[in-house]
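Sharing a structure with you now.
The values are calculated or read from the model by the stated rules, or taken from the named source; none is laboratory data. Quick caveat, the model's predicted, so the values are computed rather than measured. Positions of Cβ are generated from backbone atoms using ideal geometry, with glycine treated the same way; all protein chains shown enter the neighbour counts. Remember, those area values only see protein heavy atoms, side chains included, never the ligands or the DNA or RNA. Shrake-Rupley method; radii C 1.70, N 1.55, O 1.52, S 1.80 Å.
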Amino acid sequence: MSNRPDVADVDVLIVGAGLSGIGAACHLRRESPDRTFAILESRAASGGTWDLFRYPGVRSDSDMFTLGYSFRPWARTEAVAQGGAIRKYIRETALEYGVESHIRYRHRVVRAEWDSATAVWTVTAEITDGSDSTPAPANTPAPELITIRCSFLFVCAGYYTYDAGYSPELPGIADFDGTVVHPQHWPADLDVDGKRVVVIGSGATAVTLVPALAAQGASVTMLQRSPTYVARIPSTDSWVEKLHGKVPRRLAHSIVRWKHIAISMLAFQLARRRPVKVRAAIKGAAKRQLPQGFDVDRHFTPRYEPWDQRLCFVPDGDFFKSIRSGRATVLTDTIDHFDGAGVVLGSGDRLDADITITATGLTLQALGGMTLVVDGEPVVAARTPAYKGMMLSGVPNFALTLGYTNASWTLRADLVAEYVCRLLNHLRDRGYHTVTPRASSELRTQAEQGALRPLIDLNSGYVRRGIDKLPKQGTKAPWTMPHNYLRDLKMLRHGSLDDEVEFGHAVGTQRPGTRRTEVDGRTIRCRVTGTGAPLVLLHGIGRSLDDWDEQHERLSGQYQVISLDLPGFGWSDPLPRPASVRGLADAVAALLEELGVDGPVQLVGNSLGGAVAMRFAADRPQQVRALVLADAAGFGAEVAVALRVLAIRPLGRLLLRPRRSAAIDTLRGCFRDRSFITPQRIDATLALASRPHSATTMLQLLRELGTVRGIRPGWRRDLLARLAPLRIPTLVLWGDKDLILPPSHLEAAREALPHSRFHLFPDTGHFPQIERADEFATLVGNFLTDHRAQPELQETS
């Protein structure tokens, strides 16, 4: 990356120092050690979920042999671990891999802005107090803000907000004389011994709390609106002891890990394919563990199928044991309202309580709650297709971690981190700066219309409440998140890195007025500066609007200067049909209409842009006030040998493969003055050649306009025959050392358009607007301001 126009503070910025963020940093240290990185964490401690949740009994809801990192095996025998043990494991891993020193605590990311020109994210974070309380009151002083720049942004912040869990509206809760607690913010000094505790909810948190509170001496009732599936699992794995000392430790871990992966996948597939049998098996197992006569149908038979919502696993059946002991019970009913003593139920019964615990779920948020902006345009996650469940269409150098809903979170987090490292190494090895997934226009439209599924495919209440915030997935790879470890293993660890993504380069500082505009369902990059009569600048083949930077600076004081990347070139989408000069001219007209440009315009075209300008004028003479044609295609047959060779089908695409040496050769053919061939301009030319549609568009146009013998005469004669009688005021400019279209074409222009003004720049190549920027602007300005621009105008040299 030695020729980058800008340099970030770190190569990779990780958001979140929880299980995923620490794991991502460790993978970087292992697989991409040349990359600098930092981790921003909003809280004052690492561990994420496993440090935030401190309620009694908090534990893993997946086995630790898959919830632990693939590169650092869980070394203990218990398959289900307490929250404190998981927190310790995460922090020990961070220390072992030298990650802890890279964490910046109390930094909450609020905004990230991408600049395509420099290929850098500018990330804004606010300095927090490190607490997990809800946002401060309105009169609180604004927090201190800091910015950090990075080349790649990796969001490992989960999918829920730490500020507050979800609490439904509970009528009369303000009248309740007891204590109300949400598990997400558990008071350290809460004493439940001898208290009547109502736990509202039926998910994993509720079934964890019930036995833990009962063990602390509480009388616990789990009040659920509807049942969930609860299944017993062993708290330890006997295979660990059996394999200990008999096989190497890492091999033993791999065996146990794959055993758990296979069991979880088999159980999930069985539930999907044989839901009736699985439902009966879960119900039968629960019945055997509950007191005789317990109403299993009412309290443990959900209305949905297994794995429509996540199953609740209870180690060694502790939840069922607490019910058998008489310290806990389950009640299925609705809440009518609270009063001072407890809950009045929908059935008319009441439930007295000293403590009410609202185990009612999480509050979902996308992207860690931050705002993403790409080249000035906000990214709406809920209307954006997700690539491989980990990147977003149209968002460069960005990844997020979302784990499985039917297996361990870390199984997928590990694969995502490995994939990011593969991408980073690919960018380095191939000399690229950017990687951007690009969904088809059809898929983007479906996402905009809300016709796609969210990434998380559960039907849980907290998912349904936040479903509109999440990115979407399509129906086929690579735009799906299969929630299947084997399929992800193939796609993320061993699959292609370049399927439906663009690799590119930074091209320089983003110029003022540059934006992307939707035109007829396609994106066109354009730049608009100044005010006054519209002046439209059209670039040459394989080039971009950046060739007009110097003229924007010089002419925007007099005119509204508009330049664009012609479709298929630069950062504009291609035409929906094979590229042609008429198609490009039509696209220019559509852009002007989208921009609200009324009345006739003044067109300036260089090379291919000159031919497009002439076609625009021939087809729409009433919309054109004047033409400026700089080294324009369309007057003569001669053209550089390199362009003629490209018309040979077997060679064209091969010769257009992006190479730095080819970029240098291109510029040598365009500039007489070699001082214009700067590293930045070489990088920009290579970036243009690397754009996904550039070669195809270029070949389509070259084959329309020419052959190996030179420029075809037919289209030139027809175009000039239509243009000449219109007598549109025209200025024709040329460089006398042009190696692409030789200056002899100026003589052909004199014959074809004798009413025009002409000028030959001395010692100048194919880009006079750059090499002779001041003189070019003066000539154009004088010509356009001369309201008497008529056929009798004399040539200027």
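Largest first and to the nearest Å, give the Cα extent of region 360-418 along each principal axis.
Principal axes ranked by extent give 37, 33, 16 Å for the Cα atoms.
Oh, and also: What is the antiparallel percent of DSSP beta bridges lying wholly in the chain, to the nearest 5? Intermediate results must be reported in sequence, preceding the final value.
Details: 45 of 109 bridges.
Rounded to the nearest five, the antiparallel share is 40 percent.
Shifting gears a bit: Compute the whole-percent fraction of alpha carbon pairs in region 85-188 spaced more than 23 Å apart. Mind showing how you got there, number by number?
On the way: 2736 of 5356 pairs.
Percentage above 23 Å: 51.
Between region 478-492 and region 400-458, what is the C-alpha centre distance in whole Å?
10
Taking GluC sites (Glu not before Pro) as candidate sites, keep only those in a DSSP loop with at most 11 other Cβ atoms within 10 Å, then name the longest stretch of the chain containing none of them.
Numbers: sites that count: Glu144, Glu169, Glu792.
Longest site-free region, per DSSP loop and neighbour criteria: 170-791.
Which one, Gly706, Phe53, Thr531, is farthest towards the positive end of the dipole of the chain when Lys and Arg carry +1 and Asp and Glu -1 on their Cβ?
Going by the Cα projections, it comes out as Gly706.
Taking the Cα centre of region 343-424 as the origin, how large is its charge dipole in debye, to the nearest 20, when only Lys and Arg (+1) and Asp and Glu (-1) carry charge on their Cβ atoms? Walk me through the numbers on the way to the answer.
Working: 5 positive and 7 negative charges, 67 e Å.
I would put it at about 320 debye.
What is the projected area of the convex hull of the Cα atoms of the chain, averaged over all directions, in nm²? Walk me through the intermediate numbers first.
On the way: hull surface 158.0 nm².
Across all orientations, the chain yields a mean hull projection of 39.5 nm².
Count the DSSP beta bridges whose two residues both fall in region 80-174, then state the antiparallel fraction as a percent rounded to the nearest 5. Mind dumping the intermediate values first?
Working: 14 of 14 bridges.
Of all bridge pairs located within region 80-174, approximately 100 percent are antiparallel.
Another one. Roll a 1.4 Å probe over the protein heavy atoms and report the accessible area of His494 in Å², nearest 10.
In the full protein context, His494 sits at about 130 Å².
Sticking with this structure for a sec: Could you please put Ile562, Ile233 in sequence from largest to smallest accessible area, using a 1.4 Å probe? List each step's numbers first, then the result.
Values: Ile562 0, Ile233 45 Å².
Output order, biggest surface exposure first: Ile233, Ile562.
Same structure, new question: For region 284-317 and region 715-744, what is the centre-to-centre distance using only Cα atoms, to the nearest Å?
Here the two parts' Cα centres lie 82 Å apart.
A follow-up question, please. Once the Cα atoms of helix 660-670 and of the chain are each reduced to a long axis, what angle between those two axes, in degrees from 0 to 90 to the nearest 10, is obtained?
Between helix and principal axis, roughly 30 degrees.
Could you order Thr205, Thr93 so the one with the most accessible surface comes first? Probe is 1.4 Å. List each step's numbers first, then the result.
Details: Thr205 40, Thr93 0 Å².
Putting Thr205, Thr93 in descending order of accessible area: Thr205, Thr93.
Out of Thr514, Ile648, Thr666, whose Cα points farthest toward the positive end of the dipole of the chain (charges: +1 Lys, Arg; -1 Asp, Glu; placed on Cβ)?
Of the listed residues, the answer is Ile648.
What percentage of all Cα-Cα pairs in region 363-501 are separated by more than 25 Å?
Working: 2211 of 9591 pairs.
Beyond 25 Å sits 23 percent of the P(r) for region 363-501.
Taking the Cα centre as origin and putting +1 on Lys and Arg beta-carbons and -1 on Asp and Glu beta-carbons, what dipole magnitude results for region 109-240, to the nearest 20 debye? Don't skip to the answer; put the middle values down first.
Numbers: 6 positive and 14 negative charges, 105 e Å.
The dipole magnitude comes to about 500 debye.
Here's a follow-up. Defining a contact as two alpha carbons under 8 Å apart and six or more residues distant in sequence, what relative contact order in percent does region 670-797 show? Can you show the working numbers first?
Working: 132 pairs, mean separation 35.8, N = 128.
Once divided by the residue count of region 670-797, the mean separation gives 28 percent.
Counting helices only, and only those DSSP H runs with n ≥ 4, report the 222 nm mean residue ellipticity of the chain as the sum of -39,500 (n - 2.57) divided by its residues, in deg cm²/dmol to the nearest 500. Write out the running numbers ahead of the final one.
Details: 26 runs with 262 residues, N = 797.
Only helices count here, giving -9500 deg cm²/dmol.
How big is region 618-755 by Rg and Dmax over its Cα atoms, in Å?
16.5, 45
Now, a different point. Over region 300-441, with a single point scatterer placed on each C-alpha, what log10 of the ratio I(q)/I(0) does the Debye formula yield at q = 0.11, 0.16, 0.17 1/Å?
-0.72, -1.03, -1.10
Give me the angle, in degrees from 0 to 90, between the Cα long axis of helix 275-289 and the longest principal axis of the Cα atoms of the chain, rounded to the nearest 10.
Its long axis makes an angle of about 30 degrees.
Next up: Between the alpha-carbon centers of region 70-108 and region 651-696, tell me the distance in whole angstrom.
The two parts, judged by their Cα centres, are 48 Å apart.
Moving on. Using only the alpha-carbon atoms of region 51-91, report the extent along each of the three principal axes, biggest first, to the nearest angstrom.
Here the spans come out as 28, 19, 13 Å, largest first.
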